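The values are calculated or read from the model by the stated rules, or taken from the named source; none is laboratory data. The structure displayed is predicted, hence computed values, not measured ones. Methodologically, a virtual Cβ is constructed for each residue, glycine included, from the backbone with ideal geometry; neighbour enumeration extends over all protein chains shown.
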Amino acid sequence: FIPYMKTVWGKINTYGSFLHFKNFKEIQEWRQMRVIVNTIKESELPEFITNSKDIINNCVKEIESDYSKWTQIEREFRSELDILNDNWTEKCLKYYSKFVQEQFDADIIEEGKRLIRNMITVERREQDAQWMSLVRKYKDDWLTQCAIKKAGKKIQGLNTTGFKKINEAECAKIFEDIWKEVEDDKKEFNLNLVQQYVKIQKKKKNSKEFFG
């Protein structure tokens, strides 16, 4: 019974999706438009994905070599991906317009453009998510280096006159103060990572479209 009902609902969805068309000619145009969009997706999107991965890998290597430039590298990554996004969208819309050449209804042409823009938006967010995933792998090393530097500066700044007279409780207090700063840095860093990741996942969920 369940497989049968799935088949029935599948047919209803298939035929129901064409109810807003005025005539059979519009249905044919819509189908042709989808073929063009899917052709662009199959032929052009892999290039965008490859270039995006190159940008990600290059930026990750920069982070590995110098953690202190984390914020700068993050900005560069976003900027490069924005440029790639804009160039690819412009290229694909020109490609689409060349094939369509105003032979379809204006609304159908605009729907095709919307599908192309959404296609790149979805893939862009996939790359954002991949970037965040890779970045998290290097956060521990970065945080460790920051902690060592911060603790080292604090210890160097201590007045060592009569240092041997400092008792165990005072030593523990000095350590706890330094460690609290390190932990605060770690919490803030992790919070920023989580917030960015949640934001990306939410946008991905809201924008994902079905491409037949």
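Annotation note: Cβ proximity below 7 Å between a residue of region 71-82 that is surrounded by 11 or more Cβ atoms within 10 Å (Cβ to Cβ) and a residue that is among the hydroxyl-bearing types (Ser, Thr, Tyr) (sequence gap 6+ or interchain) occurs for Leu81/Ser52. Beta carbons closer than 7 Å, at least 6 apart along the sequence or on distinct chains, never pair a first residue in region 126-143 that is outside any helix (DSSP H, G or I) with a second that is surrounded by 14 or more Cβ atoms within 10 Å (Cβ to Cβ) and modelled with pLDDT of 70 or more. Determine if region 8-30 includes at least one residue that is surrounded by 11 or more Cβ atoms within 10 Å (Cβ to Cβ), closer than 30 Å to Lys91 by Cα, hydroxyl-bearing (Ser, Thr, Tyr) and at pLDDT 85 or above. Checking region 8-30: not a single residue is surrounded by 11 or more Cβ atoms within 10 Å (Cβ to Cβ), closer than 30 Å to Lys91 by Cα, hydroxyl-bearing (Ser, Thr, Tyr) and at pLDDT 85 or above. Are any of the residues in region 98-110 modelled with pLDDT under 90, in a helix (DSSP H, G or I) and either touching a Leu at 6+ places or on another chain (Cβ under 9 Å) or among the acidic types (Asp, Glu) (or both)? Checking region 98-110: at least one residue is modelled with pLDDT under 90, in a helix (DSSP H, G or I) and either touching a Leu at 6+ places or on another chain (Cβ under 9 Å) or among the acidic types (Asp, Glu) (or both).
If you filter region 46-70 down to residues that are in contact (Cβ under 8 Å) with a residue 60 or more places away in the chain and more than 20 Å from Ile120 (Cβ to Cβ), you find that the one that is surrounded by the most Cβ atoms within 10 Å (Cβ to Cβ) is Ile63.
This table checks each residue for (1) small (Gly, Ala, Ser); (2) at negative phi; (3) touching a helix residue (DSSP H, G or I) at 6+ places or on another chain (Cβ under 9 Å).
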| residue | (1), (2), (3) |
| --- | --- |
| Gln101 | no, no, no |
| Ala106 | yes, yes, no |
| Gly112 | yes, yes, yes |
| Leu115 | no, yes, yes |
| Asn118 | no, yes, yes |
| Thr121 | no, yes, yes |
| Gln127 | no, yes, yes |
| Trp131 | no, yes, yes |
| Val135 | no, yes, yes |
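Return yes or no: is Ser79 modelled with pLDDT under 75 and of a type in the set (Gly, Ala, Ser)?
When the stated conditions are applied, Ser79 does not pass them.
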